[in-house]
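Reviewing the structure listed below.
The values are calculated or read from the model by the stated rules, or taken from the named source; none is laboratory data. Keep in mind that this is a model prediction, so the values were computed, not measured. Positions of Cβ are generated from backbone atoms using ideal geometry, with glycine treated the same way; all protein chains shown enter the neighbour counts. All accessible areas refer to the heavy atoms of the entire protein, side chains included, with ligands and DNA or RNA removed. Shrake-Rupley method; radii C 1.70, N 1.55, O 1.52, S 1.80 Å.
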Amino acid sequence: MTSPASQGAAASPHDTVLLVGPGWLGQVAAVRLAARGATVATLQRSVPVSTSPDVVALTGDIADAARGPEPLATLVAVVRSALPARIDHLVVCIAPSRARGDDYTVYPQAAAGAAALAKALHIRSVLYVSSTGVYDRQDGSEVTEQSAITPHDARVHALYDAEQRIATVAHYADATVHIVRAAGLYGPARDPVARLADPAFAASDVWCNFSWRDDVISAIAHLLQHDRAPGVRIFNCADGTPLRSAAIASTLTGRAVHTPEERAPVDGATPVRSGRSNQRVNIDALLATGWRPAAPTVYDGLRLLGHQVPHAAAAS
C-alpha cells in the first residue's frame, strides 16, 4: 500500500533540513528527505560510522546549545560549516542511548538545546518526535491530542517537559512547531513478533498501539510541507488500529489466550498498572491533513517484515 504522503508530500525539493538524532528512525528519515531533493545534514553526539553520500554528517551534542553562549556558538559554527545558507527545517529524533547510560533527562535536555539552536539560527520550522507514552493512560481509554497530561513518573515528566521546551520556539521566534507523538515503533531491525507472541505479553491484555517506522517517516515528510503557519501543532502518529495484546498473541499463535478477568478495563473504573500504557490512540487529526499509514494495522507491518499473518486478522 502506498500512502499519499509517500507519493510526494515532503519538504520542498530545495529546502534545507537539519536533522538531530540520526538513529534507527532519524537516519532513514534523513536519507529519504535527501532522496526527495532536500539538502540534509544530520547532527549526533558520536562520530558517525557510515552515512549516505547524500547526507552531510556533523558531530555535536544538541544539549550543548542550551548550556551557555560559548557552547551554543560552537555548535552554530559546526552547523554553519555545512549549511551556511538558510535552514528551513529542524527535525529532532532523539532517543536515550543505552551505550552512553542515558536516562530520560536526555529528552528535555535535547529539546532545550534544539530550541536554543533554532532561535540562534532563525529556523522557522521545527518538528519534534515525541511519544504517545506521554499520555500514560492505564484504563484503556482513548487519547487525543487534547487529552490532559498528568505526569506520574520520571519518564512521562521528561517527555512532557521536552515538548514544553520545544514549543517555546513558536512563541519566541514566530515559528511553526510540529510535535509528533509516535506510538510503539517497529520495523526493519526491530521485529516485535517474538514479543507479541509471548504469553507474558498476552497476559496483561492491554490495548496496544503501533507505528511502522516508515509511516512515521512519511508523517514527518508530510508535515514539513503541509502546514507552515506559526504556532504549535500536535499530532498523534500510529497505525490507527489499537488492538488488545491477547488478541494479537492469539492471532499470531493460532491459540486462544485466556487472561484474568480483572485485566484491562475499558470503562476507566479500575486502572491497571502493567509497566506500559493501556490506551487507544486516536489519529484523526493527522488523518485530516491527508496522511495515511502504509501499515494500517500491526498485522500489515508484520507481513511487510515477512511474517505469514492471516489477512482476516486485519479486521479484528
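Give me the number: length gained by fully extending residue 14 to residue 85, i.e. 0.36 nm times residue separation minus the C-alpha to C-alpha distance, one decimal in nm.
In short, 24.4 nm is gained.
In Å², what does the accessible area per residue of the chain work out to with a 1.4 Å probe?
44 Å²
Looking at the P(r) of the chain, how many percent of alpha-carbon pairs lie beyond 35 Å?
20 percent
Check which residues have an amide H placed less than 5 Å from residue 241's amide H, if you skip close sequence neighbours.
210
Placing unit charges on C-beta atoms (Lys and Arg positive, Asp and Glu negative, everything else neutral), compute the dipole magnitude of the chain about its Cα centre in debye, rounded to 20.
The calculated dipole for the chain is roughly 500 debye.
Could you tell me the relative contact order of segment 75-132? Use alpha-carbon pairs under 8 Å, at least six residues apart, and round to a whole percent.
Once divided by the residue count of segment 75-132, the mean separation gives 50 percent.
Please report the relative contact order for segment 4-128, taking Cα pairs under 8 Å with a sequence separation of at least 6, and give it as a percent rounded to a whole number.
Once normalised by length, the contact order is 26 percent.
Given Cα pairs under 8 Å that are at least 6 residues apart, what percent is the relative contact order of the chain?
Over the chain, the number comes to 19 percent.
Compute the label zone of residue 59 within segment 79-116: residues whose backbone N is under 20 Å from the point 7 Å along Cα-to-Cβ.
79-83, 95, 97-102
Quick one: with all protein chains in place, what share of the accessible area of the chain is carbon or sulfur, to the nearest percent (1.4 Å probe)?
With neighbouring chains kept in place, the figure for the chain is 52 percent.
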